[in-house]
C-alpha cells in the first residue's frame, strides 16, 4: 500500500509539472514567449494577466504571430492594466542579429518626444511660469521683433500646442532645414501664413521646437535638464538619453529621446492617472484633460486608425472592438512608436519598432485591435 501511495504521489507530481516542462520542451521559455514581466526594481508592480482581467492566451498568440512573421514587426510590446505590468515581450530579427532588445534596452521614441514636451509645458503652466495659453507666441521672442507681422501676432501658444498656427510647413523638407539652421528658432518663426491661425491642423515640428524654446526661456533650463528634474526623477526613470540636438546645441523638443519601453509606459500611466504617480501629483489633472481633448481645429473621423484628432501634442483615436468603441490617446513617433492610453479600460500599451516597420500608424494598431483589446473585452 505504501509503495502504491508513493507511486501515485510521483505520478501526480509529474502531471503537475507537465505544463511547465511541456512549455520548455516546445521551445516556450515562459518569461519571453508569453511575456511574463521581469522584476528589475524600477517602480513597477508586476501582475499576472488573469488577475488584472486580461486573457493571457491572446497575448501569447500575439507574441507568437510576431515571431513567426505573420503579424506586423515590432521590437517590443508592454501592457499595463490597473497599474500593474502584465505583459512584456521583446523580439529579435534573424536577419539583423545586432538588433537586441530587452527590459533594460533604451528605445528611440522619435516624435513621442513631443508628448513629453507637452507634459513639461503643463508643469510650467501649473507653476505660473506661463500664465496665458492665448498669449502671442511672438511675445516670448522679443529678439525677433523684426519678423513680426500683424498676422503672426495672432499665433498663440495654444496654436503651437495644437499645431494649428496656420504657417506654411512641409514636414519632410522643413524639418531637415530646421535641424541644420544656424538659428532654428528664427527659421521656425520666419514663415509665411497659409491660413488663419486656429483654422485647421497641420503637422508642424517647427511649432513644437518653439514650445521647447519657450520652456527654456521661462525656466532657464534646457529641455533635457527640465525633463530630468520635473518628470523623470519623480517617475523613477533613470536611463534616458537625448540623442539629437539643434545646430545651436539645444536638445530637440520634437524627437531624439531614448528611454526603456517600461519607462515610456510610466509616462502613459502618468497620463492615465490624471498626472499622478504613486500618489504624487506631477502635472495637474486639468492639464492632462486639456492635452487629451481634441482641439477645435481637428476632429475625429469614423474610427479609421489612419485618421486621428489632436490635442496638446497628443494624438486621439478610437478602436471598434467587440461591439464597443474604445477611445484612446497616444504619443506617436515615426516607425510605429506609440504609447496608447485607453482610460475606459484602465489600460496602457507601449509599442516600439525599428526601421523594419514601414508605416507610422497601421502596424501596431492591428495588434491593439486584434489582440490587446480583445484580451480584455472578451473576458
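Read-outs throughout are calculated quantities, based only on the coordinates presented, and are distinct from any laboratory measurement. Computed from a prediction, not measured in an experiment: that's the story for all the values here. Please note: Cβ atoms are built from the backbone with ideal geometry, for glycine as well, and neighbour counts cover all protein chains shown.
Could you check what % of the DSSP bridge pairs in the chain are antiparallel, to the nearest 5? Rounded to the nearest five, the antiparallel share is 95 percent.
As a length-normalised measure over Cα pairs under 8 Å and 6 or more apart, the relative contact order of the chain settles at 20 percent. In plain terms, the residue of 207, 182 with the fewest other Cβ atoms within 10 Å comes first and the most crowded comes last, giving 182, 207. Taking 249, 275, 109 as the candidate residues, the one with maximal mean-square fluctuation in a Gaussian network model of the chain, Cα springs under 10 Å, is 249. In this simple spin-label approximation, residue 377 and residue 289 carry label points 7 Å from Cα along the Cα→Cβ vector, and these lie 2.7 nm apart.
For the pair residue 182 and residue 102, label points projected 7 Å from Cα toward Cβ lie 4.8 nm apart. Taking other C-beta atoms within 10 Å as the exposure proxy, 62, 193, 308, 172 rank 172, 193, 308, 62 from fewest upward.
Relative to the longest principal axis of the Cα atoms of the chain, helix 2-25 runs at roughly 30 degrees.
Distance from the Cα centroid of segment 214-289 to that of segment 92-129 is 9 Å (rounded to whole angstrom).
Please grab the % of Cα pairs in segment 106-259 that end up more than 21 Å from each other.
Values: 4893 of 11781 pairs.
Counting pairs separated by more than 21 Å, the tail of P(r) holds 42 percent.
Find how much the distance from residue 245 to residue 168 grows on full extension, using 0.36 nm per residue of separation minus their present alpha carbon separation; answer in nm with one decimal. Could you put the intermediate results ahead of the total?
Numbers: separation 77, 0.36 × 77 = 27.72 nm, distance 2.34 nm.
Gain on stretching residue 245 to residue 168: 25.4 nm.
With a ≥ b ≥ c taken as the square roots of the eigenvalues of the C-alpha gyration tensor of segment 76-173, please select rounded if a/c is under 1.5 and otherwise prolate if a/b is larger than b/c or oblate if it is not? Cα axes put segment 76-173 in the prolate bin. Going from the fewest other Cβ atoms within 10 Å to the most, the residues 203, 185, 144 appear in the order 203, 144, 185.
How high is the FRET efficiency from residue 45 to residue 320, r the C-beta distance, R0 22 Å, rounded to 0.05?
On the way: r = 31 Å, r/R0 = 1.40.
For R0 = 22 Å, the calculated efficiency reads 0.10.
Calculated mean residue ellipticity, 222 nm, the chain: -10000 deg cm²/dmol, from DSSP H runs (n ≥ 4) at -39500 (n - 2.57) each, averaged per residue and rounded to 500. Relative to the first principal axis of the alpha-carbon coordinates of the chain, what is the inclination of helix 261-272, with its axis defined by its Cα atoms, in degrees from 0 to 90 and to the nearest 10? It works out to around 70 degrees.
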